[in-house]
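The structure appears right after this line, and notes come after that.
The values are calculated or read from the model by the stated rules, or taken from the named source; none is laboratory data. Fair warning: this is a prediction, and the values are worked out from it, not measured in the lab. Note that each Cβ is placed from the backbone with ideal geometry, even for glycine, and that neighbours are counted across all protein chains shown.
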Amino acid sequence: MSGEYRRFLFPHDDERLAGIRDVDPYEYRELAKLDPFTGGLIRNWAPLYPAEFKGITSDGQLIPGLFPIDVPVDPEEVAPTAQMVEAANALLAVVAAHDLPRLRHAVDAVEWQSWSNPEFMIHDTGLRLEFQPEAVREAALDLVGASLGSDGLRQVRTLMRINGFLGEVNDLQNVMNEFSYHFALYGEPSTTEPWGWQLFGHHLAMNCFVWGDRFNLTPTFLGAEPNEIDDGPFKGATAFTGRIRLARELIASLTEAERAAARTYATTDAPEMSDGRVDPGDERHLGGAFQDNRVVPYEGVRVRELSEDSQDLLLALVAESLTHWPEGPAKARLRQIREHLDDTWFDWIGGFGADDAFYYRIQSPVAFFELDHHCGVFLSNRHPAVFHIHTVERTPNGNDYGRAWLRQRSRA
């Protein structure tokens, strides 16, 4: 229901919101460290960031040979590399000289792993767009558009605007606004050598890697609270409606026995959940910020055991989850996922009703997609609600940030 989230708006004089209304992002970062809740999250995440990257696995062991670099890329699957290089060079031309060292990092720098999705700053990587001139902001977003295409850029801008809208309805534009995001470049823009860019902030984190015709866009975190704008110049914008619809269609297509196998818990806040299964910050999703090396065992039902119609619905859900990718690399990603469909698992937590909150995960040796409905952070709902959504995409077995490709390059 449109506007349902408004029942959960905090009063303007709410103590927590009033206490951060007059601080800038750097002051808020220090306050977050002192807060019992957010400070605990930061302390838990701190030792994970500098850890040597391995990648998400199902059992702690990397599966070799999944991401070869000696196989030519199909012409229909190539990255838009030339356009990306042109846009990256245009960005470099407008960034002030004293800001270039902050913007730029080595292609294999650990700073890739510094991204996060809360509204409070953890790592000040790259340039904070809200403090950059309009020309820099536009050039950075032009690079995003050159990389993702028009539909991908539209989705990114929608999430940025929803973040700004959340700031407006809570009178917290100092903490959450349309440009409260960090942007960084990795490597030297090139049509033949590896490089990439990173955009991250509240409810939006993208790590884009390109090497010639090859392209990867994981880890990616996309979220929204609320998942709509119901007032102002961007009224009518929504997020994740396609994924939600297809996920409900998929679970409804299963037989009773298949649903029972797929569902690990009947509700999103089931008291019988094992210790640690629900994280204070991430709730049910497992592949979020600083989880680069997490071991996530397969759960739910094996997709090859489902009907052909259900398998088609799952692939439609995957395709919908790739609509922010550029056309060619999206085809490559979907093909790779199809090739491993027999080793793909589908997990569900929550109810099956039309208005029930839920979590799902699609996981295989090459794919990791999550969607989770969350409790309120800047809305007051104490239980997961359909208008607060987190999604995660990873490339398991070591190719987040294009790292499996880079490692092969270093050994060549």
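Once segment 79-137 is narrowed to residues that are of a type in the set (Asp, Glu) and closer than 19 Å to residue 200 by Cβ, the residue that is nearest to the chain's Cα centre (by Cα) is 119. The residues on offer are 356, 312, and the sole one that is in contact with a Gly (Cβ under 6 Å, 6 or more places away or on another chain) and of a type outside the set (Val, Ile, Thr) is 356. Checking every residue in segment 302-319 against the condition of being farther than 17 Å from residue 253 by Cα and at pLDDT 95 or above gives at least one match. When the residues of segment 214-272 are filtered to those that are among the hydroxyl-bearing types (Ser, Thr, Tyr) and in contact with a helix residue (DSSP H, G or I) (Cβ under 6 Å, 6 or more places away or on another chain), the one that is farthest from residue 193 (Cα to Cα) is 253. Against the numbered list (1) closer than 18 Å to residue 216 by Cα; (2) over 18 Å from the mean Cα position of the chain (by Cα), residue 292 comes up short only at (2).
Consider residue 410 carefully, then state whether it is over 22 Å from residue 222 (Cβ atoms), among the hydroxyl-bearing types (Ser, Thr, Tyr) and in a loop (DSSP other than H, G, I, E, B). No; evaluated as a whole, the condition is false for this residue. Count of segment 219-277 residues, restricted to those that are under 23 Å from residue 163 (Cβ atoms) and among the polar types (S, T, N, Q), is 4. Scanning segment 238-252 for residues that are surrounded by fewer than 18 Cβ atoms within 10 Å (Cβ to Cβ) and more than 11 Å from residue 317 (Cα to Cα) yields a total of 3. A count restricted to segment 84-141 and to residues that are assigned to a helix (DSSP H, G or I) and aromatic (Phe, Trp, Tyr) stands at 2. Among the residues of segment 253-289, those identified as part of a loop (DSSP other than H, G, I, E, B), surrounded by fewer than 19 Cβ atoms within 10 Å (Cβ to Cβ) and of a type in the set (S, T, N, Q) are 255, 267, 274. A residue that is under 15 Å from the mean Cα position of the chain (by Cα) and under 17 Å from residue 294 (Cα atoms) occurs somewhere in segment 369-389.
In segment 142-152, the count of residues that are in a strand (DSSP E or B), under 20 Å from residue 109 (Cβ atoms) and not β-branched (Val, Ile, Thr) is zero. Looking across segment 336-369, the residues that are assigned to a loop (DSSP other than H, G, I, E, B) and either free of Cβ contacts under 8 Å to residues at least 24 places away in the same chain or not hydroxyl-bearing (Ser, Thr, Tyr) (or both) come down to 340, 351, 352, 353, 354, 355, 356, 357, 365, 366, 367. Residue pairs whose Cβ atoms lie under 7 Å apart, sitting 6 or more positions apart in sequence or on different chains, and linking a residue in segment 139-153 that is closer than 18 Å to residue 103 by Cα and assigned by TED's automatic domain parsing to the domain that holds residue 86 to a partner that is of a type in the set (Gly, Ala, Ser) and modelled with pLDDT of 95 or more, are 139/90; 142/87; 142/90; 143/87; 143/88. Based on what the data block shows, is residue 22 assigned to a helix (DSSP H, G or I) and charged (D, E, K, R)? Considered against the rule, which asks whether it is assigned to a helix (DSSP H, G or I) and charged (D, E, K, R), residue 22 comes out as no.
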